[in-house]
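Where a number appears in this text, it was derived from the coordinates with a stated rule and is not lab data. None of the values given here were measured: they were computed from a predicted structure. Cβ placement follows ideal geometry from the backbone for every residue including glycine, while neighbour counts extend to all protein chains displayed.
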Amino acid sequence: MNNIIILDVETTQNTQTRNEEIIEIAAFKINKNFEIIEEFHSFVRPTCNLTYITKLKTGLNDYMLKDKNNINDVLPLILNFIKNSKIIAHNANFDCKAIKNSCKINNYQLNNVEFIDSIPIMKKLFPGEKYNLNSLKLKFNIKRNNHRSMDDILSLREILILTNNIYLKKFGKNIIDDLDEFKVI
């Protein structure tokens, strides 16, 4: 079995300049029981200033990131960490796009990696409910910060643990054994 990684990125989300850069990235390698085997976390110094909305949502500011490594220092580390893994992310399209764009701009390759979106898993389990991470955290009484990579992967891991028994009862298998059904790429 390939490694399974829970991953989240935060970005500058600068729609005016269309300059979207990773500012924080966190990932856990987990086993089939959702136990953390290894973790990765890094802040990233962007080349542009953070927007007001990014500062508001993440709680990060330009001063906090000014002495952090740039993306060229961080990308090789995270790419080495994820290697040929299955990556679970909440709204995986966003995280996948952010990482692939950073790789393309900085001449790195992201090979043999599958992104799995946890939103369709939640839709399958709880039809008609809200599926954003904040709504799921409220549903499962998880009290962590929003829009911070480490808190988001801790929250998603906890949600996956809590929903796995429900998934097992409904569908006769663990979420981990059914990940290919939810593959984005």
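Here are the numbers:
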| quantity | calculated |
| --- | --- |
| Most mobile of Glu24, Glu35, Glu158 in a GNM of the chain (Cα contacts under 10 Å) | Glu35 |
| Most mobile of Phe94, Phe81, Phe171 in a GNM of the chain (Cα contacts under 10 Å) | Phe171 |
| For the chain, built as a Gaussian network whose Cα springs stay under 10 Å, the top-fluctuating residue of Asn145, Asn111, Asn134 | Asn111 |
| Alpha carbon convex hull of the range 6-136, volume per residue in cubic angstrom | 124 Å³ |
| Cα-centred dipole magnitude for the range 34-185, charges only on beta-carbon of K, R (+1) and D, E (-1), debye, nearest 20 | 460 debye |
| Kirkwood estimate for the range 77-185, i.e. one over the average of 1/r between Cα atoms, Å | 14.9 Å |
| Which listed pairs, of Lys32/Lys183; Lys68/Lys104; Lys29/Lys57, have C-alpha distances above 24 Å, in listed order | Lys29/Lys57 |
| Cα principal axis extents for the range 93-132, largest first, Å | 41, 18, 6 |
| log₁₀ of I(q)/I(0) at q = 0.19, 0.21, 0.23, 0.27 Å⁻¹ - the range 130-185, Debye sum with one point per alpha carbon | -0.75, -0.87, -0.97, -1.10 |
| Spatial separation of Cα centroids for the range 42-70 and the range 126-185, in angstrom | 27 Å |
| DSSP beta bridge pairing in the chain, given as percent antiparallel to the nearest 5 | 70 percent |
